[in-house]
1. Please determine, by comparing only the residues of the range B:210-224 that are within 7 Å of chain A (Cβ to nearest Cβ) and open to solvent by 10 Å² or more (accessible area, probe 1.4 Å), which one is farthest from the chain's Cα centre (by Cα).
2. Scan the range B:56-71 and tell me whether some residue there is more than 24 Å from the chain's Cα centre (by Cα), closer than 26 Å to B:Ile118 by Cβ and in a helix (DSSP H, G or I).
3. Before we move on, is B:Leu48 open to solvent by 50 Å² or more (accessible area, probe 1.4 Å) and either within 14 Å of chain A (Cβ to nearest Cβ) or not basic (Lys, Arg) (or both)?
4. Identify, by number, the condition in (1) touching a residue at least 24 places away in the same chain (Cβ under 8 Å); (2) closer than 17 Å to A:Ile178 by Cα that B:Phe111 doesn't meet.
5. Can you tell me which residue is farthest from B:Leu210 (Cα to Cα) among those in the range B:25-45 that are open to solvent by 70 Å² or more (accessible area, probe 1.4 Å) and more than 11 Å from chain A (Cβ to nearest Cβ)?
6. Any idea which residue in the range B:171-184 is farthest from B:Glu91 (Cα to Cα), counting only those that are under 8 Å from the mean Cα position of the chain (by Cα) and open to solvent by less than 10 Å² (accessible area, probe 1.4 Å)?
7. Among the listed residues B:Gly83, B:Gly128, B:Gly66, which satisfies the condition of being touching a Phe, Trp or Tyr at 6+ places or on another chain (Cβ under 7 Å) and over 30 Å from A:Phe200 (Cβ atoms)?
8. Hey, among A:Val155, A:Val217, which residue is over 15 Å from B:Leu94 (Cα atoms), more than 10 Å from chain B (Cβ to nearest Cβ) and out of contact with any Lys or Arg (no Cβ under 8 Å at 6 or more places or on another chain)?
Amino acid sequence: MTGLGAHLPLGAVVIHQHGGTCQADNGTFCFGWAADNFHRYTTPLLNHLFIVVLAVVIGFVIAFSMALISHGRGWLIPAFTGTTGVLYTIPSLAFIFLLLPITGLGWTTAIIVLSVYTLQIIYRNTVAGLANVPVDSKDAGRGMGMTDRQLLWRVELPLALPEIIAGLRIATVSTVAIASLMVFANVNTLGSPLYQQITFKTNILIAGGLMIIMAFVFDSLLLLAQRLLAPWRRQSRRMAT
Amino acid sequence: MTQTILHLGVLSAFGDAFNFIFHQQVARTGKVMVGGPDQSLHLIGQHLKVTFLALAAALAVAVPAGVILGHLHKGETFAIAIGNAGRAVPELALIAFVAAFIGVGLINVTFAFAVLGIPPILINTFVGMSQVDRNAVEAARGMGMNDLQIIFRVELPLAVPTIMAGVRTGAVNIIATVALASLAGVSTLGDYILGRNVYGDAGVIAGAILIALLTVTLELVLAGIQWALTPRGLKLARAGAAT
């Protein structure tokens, strides 16, 4: 049995900036170090932002298409829910390395893993949103002579919008969190500084703080989008997972 | 032609990984023997130990809190806020935070992973308890039951399916992430997947396979428990509703 500390970076923190005592003592938050070293976080932050947006967009396109395909073909819904559910259960960390022989490590793997995780939530919420459109509204649309396609794009989808965006919010916020694990796929996200100096408190507060702020900003932006796009906003259903 | 070679490469990589699980081999770093059934079983055991300790801690906090708040129909905003915040917790930052600010070792790591399990269990317990039909509660009260009896004989049995759904989510969150405990001085299957320089690609993929299998197994076992714990009346009601 090999000893653990031997090959894992615990205690491997090398703090050699300017020799202030705060870093040497690993104080709670070293403002001086933070000010001098903040540029280190720029690339991870931008990569993190980029990979989250890309993964959610790809996940949305796939899940939304699946929802449209299964709309009106109810027998497909359990199959799609089951498939996305099984994919969602595979641990992200394991998923990265299961892809190792297929796509190697890098951006492709990271984006596959992250987009696959968004499918379940976006798909389920879109299907629920479409299913909850009041029959009266659909009848009114039909009565006005709308075709199925017009009904979908002008009545059903607009009314389902609050639930679709609710799904996007959950998916985006969780993707911000999971993207930190992509350091293990060799992608330089905010997980990289965390992993490289895992016991340096200032570093952890900066990298962790940036992720929490990012999640909050994405969440607020999507909420704002929902308010603007669906001002009539129905009473949204509380979703128990 | 290249297609075939690619497929063979993928297959042999997974073959090497299974070989790593079942047969000891020399480490990439030389000298020591790694892998094989002994180390694999040891790490699976460690992985499960940390998972169940963290899950037990999460249950001990989240279920009583959810039961009390749900029974009283109080603290809805609080429970939902915790549930939503739970999704935003970056696992890596959490384990790093605990390692740096609280410490490494089994107890601290257990605490870190319990934090991942609490939100889904808390919110589902709350929702399950507070959604119990008011008429059922009133009927129980009319029969002379006190609050404790109502909780244990009426509300909890009816809330079990919802609570168990939360326990499943929480347990899967935990077992999927426990590999990171290896970064904080506690051996788990994370040793394999985070120790590429020692265990090689075969070890890394072996770790990923074992973690995925454990997670899916736990999910299935908990689904079975959920089904077994669901009161017969609820199952009948659902079967009736479905047909």
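The values are calculated or read from the model by the stated rules, or taken from the named source; none is laboratory data. Just so it is clear, the structure is predicted and the values come from calculations on it, not from any experiment. Cβ: placed from backbone, ideal geometry, glycine included. Neighbour counts: every protein chain shown. We work out accessible area using only protein heavy atoms, side chains counted, and drop any ligands, DNA or RNA first. Shrake-Rupley method; radii C 1.70, N 1.55, O 1.52, S 1.80 Å.
1. Looking at residues that are within 7 Å of chain A (Cβ to nearest Cβ) and open to solvent by 10 Å² or more (accessible area, probe 1.4 Å), I get B:Ala212.
2. Checking the range B:56-71: at least one residue is more than 24 Å from the chain's Cα centre (by Cα), closer than 26 Å to B:Ile118 by Cβ and in a helix (DSSP H, G or I).
3. For B:Leu48, the condition - open to solvent by 50 Å² or more (accessible area, probe 1.4 Å) and either within 14 Å of chain A (Cβ to nearest Cβ) or not basic (Lys, Arg) (or both) - is met.
4. For B:Phe111, the failing item is (2).
5. B:Val26
6. Top of the filtered list is B:Ala171.
7. Only one candidate passes the filter, namely B:Gly66.
8. Only one candidate passes the filter, namely A:Val217.
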